[in-house]
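One structure is given below, encoded as structure tokens.
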Amino acid sequence: MQNITTTLKKLFYLWRRSQVPVKQSIKISRIDNLIIFLICILISIISSYKLLLISPLNISDIFSWFLTFTEALISSGILILVSKKENPTISSRQIILLITLLLAVQASKLVLASTIRPLSMIIPPALIISQGMGSITSLAWVSIASLIWPDPAIAINNNLFLILLVCASVVSLLGGRIRSRAQLLQLSIFVPIGSFLSQWILIGKDKMPLIDKQEIVFANGDIFSDSLLLAIVMLFTILFIPIFESIFGLLTKARLLELADKEKPLIRRLSLEAPGTFEHTLLICGLAEEATRMVSGDIDLVKTGALYHDVGKLHAPNWFIENQDGSKNPHDEIDDPIKSAEVLQAHVDEGLKYARKNRLPKLIANFIPEHQGTLKMGYFFQKAKEKKLDINENYFRYKGPIPQSKETAILMLADGCEAALRAMNINASDNEALDTISKIIYSRQKDGQLDDSNLSKGEIFLIKRAFLNVWKRIRHRRIQYPTTKNNTFS
Ligand SMILES: [Fe+2]
Ligand SMILES: [Fe+2]
């Protein structure tokens with residue numbers, strides 16, 4: 001009994017550890033690399049060993065086994081590369097999930113080929129992958145899972161293969177875009193209906209029975225059972241997606257939108273305890289959203305990340321200018337630039353603690369340190385210089401890391417421009433606003449803050465234009481309309 005309690009405690013501890021947001025993208029460790037390589041080898045063995053069971057075995061059989069083995073190994077490698085390309089911050093856990101699903105499908109093709117047809121084996125994992133890792137990774141996974149068949153004795157109907165590819169591609173493409181659980185449910189109903197109708201039309205009810213009354217769910221070759229099983233497995237997959245999100249740190253669109261709900265306790269606290277920071281956050285959401293749309297980035301990610309980027313200010317709201325009512329500034333009272341710099345850095349450290357406590361996904365938690373990068377706290381550094389304090393400049397820089405993605409870089413730029421744009425004169429011209437934006441962005445560029453973000457010069461130009469558009473909106477909102485006697489408010 002004690003052993004079970006200890007094991008449960010250990011499991012709970014490991015699970016809690018797995019929720020800790022990490023500052024930088026995870027470098028895949030040697031052990032993880034070894035596990036990934038071993039799974040790839042297993043996939044290759046499962047996909048090819050049947051070719052060695054032919055008797056008598058001749059050289060051409062061994063050669064075709066070797067070809068199939070290498071094909072499976074290289075395909076797994078390409079799949080990992082595609083997933084890394086689409087998700088630069090993909091973790092080793094997610095890669096392990098991706099290839100384990102491939103291993104499971106290859107194994108089930110061997111064991112269950114006579115009971116279940118490929119639609120129910122390939123489409124549900126494609127749904128998980130497209131939701132958690134994107135459409136391109138899912139399409140790559142589907143093509144590998146559909147093309148490598150471990151048992152050469154299994155003959156697949158060409159039309160069925162076509163239906164499988166079309167359905168799996170539709171799920172991959174839509175799964176990467178779907179933004180709510182309700183749409184997922186619709187997909188899990190319409191795809192089986194589509195597969196049922198297309199099988200009926202293309203394969204024909206004469207060649208295959210429409211329904212088997214004895215075995216409704218598991219009758220292979222029966223079109224109705226096939227589609228019913230697909231619907232059941234897809235519904236179960238949707239049910240289990242939140243568990244996959246939690247265990248493998250997957251960030252689906254539905255999860256992002258749930259986190260962006262302003263009624264979430266942490267955001268509610270921000271609006272009540274640090275109203276100035278909350279207002280600043282909302283304006284930054286607008287700026288970052290517009291800029292991300294311009295550079296075709298992940299809008300839902302940047303909006304949610306922006307919402308949580310300054311939650312660390314909850315630890316001491318009145319130490320930040322936007323929450324001060326103008327009466328007294330604690331920084332002036334302590335008159336110690338080093339302490340002030342520590343308070344500023346604390347909004348990042350405490351933010352990460354809040355992220356951990358509230359189990360924010362790593363991709364969202366990354367916005368907390370990366371929006372400040374290694375920026376200099378210029379005001380307090382200047383004060384320290386005035387006081388002739390002998391202290392290194394690095395002490396007045398945030399600990400970083402600098403933005404590692406387009407989205408966190410855009411947030412950093414929006415964060416820098418927000419106060420300047422808000423403070424701008426209502427009568428300022430577009431050119432003046434653009435000039436202010438350009439100066440702030442150039443200073444970040446010159447400081448090396450955008451070096452790891454992959455933002456091109458063209459994209460930076462688009463970001464400036466996007467910020468200008470938002471500024472025009474703000475200005476428009478601030479213009480007071482003349483009221484007349486006959487104003488009807490219509
Ligand atoms: Fe901040
Ligand atoms: Fe901020």
For region 215-296, with equal point scatterers placed on the C-alpha atoms only and solvent neglected, what are the log10 I(q)/I(0) values from the Debye formula at q = 0.12, 0.25 1/Å, to two decimals?
-0.63, -1.11
Calculated FRET efficiency, ALA420 and THR70, Cβ-Cβ r, R0 41 Å, to nearest 0.05?
0.10
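Just order 340-348, 306-314, 55-63, 240-248 by mean Cβ neighbour count inside 10 Å, highest at the front, would you? Present the calculation step by step, with values, prior to reporting the outcome.
Working: 340-348: 19.7, 306-314: 26.0, 55-63: 9.7, 240-248: 15.8.
Top to bottom by mean Cβ count within 10 Å: 306-314, 340-348, 240-248, 55-63.
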Phi-based couplings in Hz for region 256-268 (Karplus 6.51, -1.76, 1.60; Gly and Pro marked x)
4, 5, 4, 5, 7, 5, 6, 8, 4, x, 5, 6, 4
What is the ratio of the Cα radius of gyration of region 350-483 to 2.2 N^0.38 Å, where N is its residue count, to two decimals?
1.23
Say the dipole of region 279-390 comes from +1 at the beta carbon of Lys and Arg and -1 at that of Asp and Glu; which of ALA341, SER296, ALA355 then lies farthest toward its positive end?
ALA355
Could you state the angle between the C-alpha long axis of helix 158-175 and the longest principal axis of the C-alpha atoms of the chain, as a value from 0 to 90 degrees rounded to the nearest 10?
10
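Could you tell me the calculated FRET efficiency between GLN445 and SER60, based on Cβ-Cβ distance and R0 = 45 angstrom, to the nearest 0.05? Could the numbers behind the result be given before it?
On the way: r = 60 Å, r/R0 = 1.34.
Once rounded, the FRET efficiency stands at 0.15.
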Given the C-alpha centroids of region 445-462 and region 216-278, what is the distance between them in whole angstrom?
34
Return one whole number: the accessible area per residue of the chain in Å², for a 1.4 Å probe.
52
Between LEU375 and residues 5 or more places away or on another chain, the pairs with built amide H atoms under 5 Å apart involve TYR398
Suppose every Lys and Arg Cβ carries +1 and every Asp and Glu Cβ carries -1, with no other charges. What dipole size does region 251-307 come out with about its Cα centre, to the nearest 20 debye?
140
Output wanted: per-residue J couplings in Hz (rounded whole) for region 222-230, from phi through Karplus 6.51 cos²θ - 1.76 cosθ + 1.60, θ = phi - 60°, x for Gly and Pro.
9, 4, 5, 4, 4, 6, 5, 4, 4
Using +1 at the Cβ of each Lys and Arg and -1 at the Cβ of each Asp and Glu in the chain, identify which of PHE69, LEU251, SER438 lies farthest towards the dipole's positive end.
SER438
Check: the chain dipole with +1 on Lys, Arg Cβ and -1 on Asp, Glu Cβ, in debye:
520
Relative to a virtual label point 7 Å from the Cα of LYS388 in the Cα→beta-carbon direction, which members of region 338-358 show backbone nitrogen distances below 18 Å?
338
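Round to a whole number: what % of the accessible area of region 69-123 belongs to carbon and sulfur, probe 1.4 Å?
71
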Quick one: Karplus J couplings for region 127-142, per residue in order, coefficients 6.51, -1.76, 1.60, θ = phi - 60°, nearest Hz, x for Gly and Pro?
5, 4, 5, 5, 5, x, 10, x, 5, 5, 4, 5, 5, 4, 4, 4
What are the semi-axes of the equivalent ellipsoid of the chain, taken as the square roots of 5 times the eigenvalues of the Cα gyration tensor, listed largest first and rounded to whole Å?
52, 27, 21
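Tell me the relative contact order for the chain as a rounded percent, counting alpha carbon contacts under 8 Å between residues six or more apart.
Working: 615 pairs, mean separation 64.0, N = 490.
Contact order relative to length: 13 percent.
Which pairs in the list LYS264/LYS362; LYS388/LYS464; LYS109/LYS253; LYS262/LYS362; LYS84/LYS264 are over 27 Å apart, alpha-carbon to alpha-carbon? It would help to have the intermediate numbers written out before the result.
Numbers: LYS264/LYS362 18 Å; LYS388/LYS464 38 Å; LYS109/LYS253 31 Å; LYS262/LYS362 19 Å; LYS84/LYS264 31 Å.
As for pairs spanning more than 27 Å Cα to Cα, those are LYS388/LYS464; LYS109/LYS253; LYS84/LYS264.
Run the numbers for ILE299 and PHE161: contour at 0.36 nm per residue of separation, minus the present Cα-Cα distance, in nm.
Details: separation 138, 0.36 × 138 = 49.68 nm, distance 3.55 nm.
Contour length minus Cα-Cα distance gives 46.1 nm.
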Sort the following peptides by mean Cβ neighbour count (other Cβ atoms within 10 Å, averaged over residues), highest first: 30-37, 180-187.
180-187, 30-37
Quick check: residue separation of SER108 and SER180 times 0.36 nm, minus the Cα distance between them. What number comes out in nm?
22.9 nm
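The values are calculated or read from the model by the stated rules, or taken from the named source; none is laboratory data. Computed from a predicted structure; not experimentally measured. Counting neighbours? That spans all protein chains shown, and the Cβs are built from the backbone with ideal geometry, glycine included. Remember, those area values only see protein heavy atoms, side chains included, never the ligands or the DNA or RNA. Shrake-Rupley method; radii C 1.70, N 1.55, O 1.52, S 1.80 Å.
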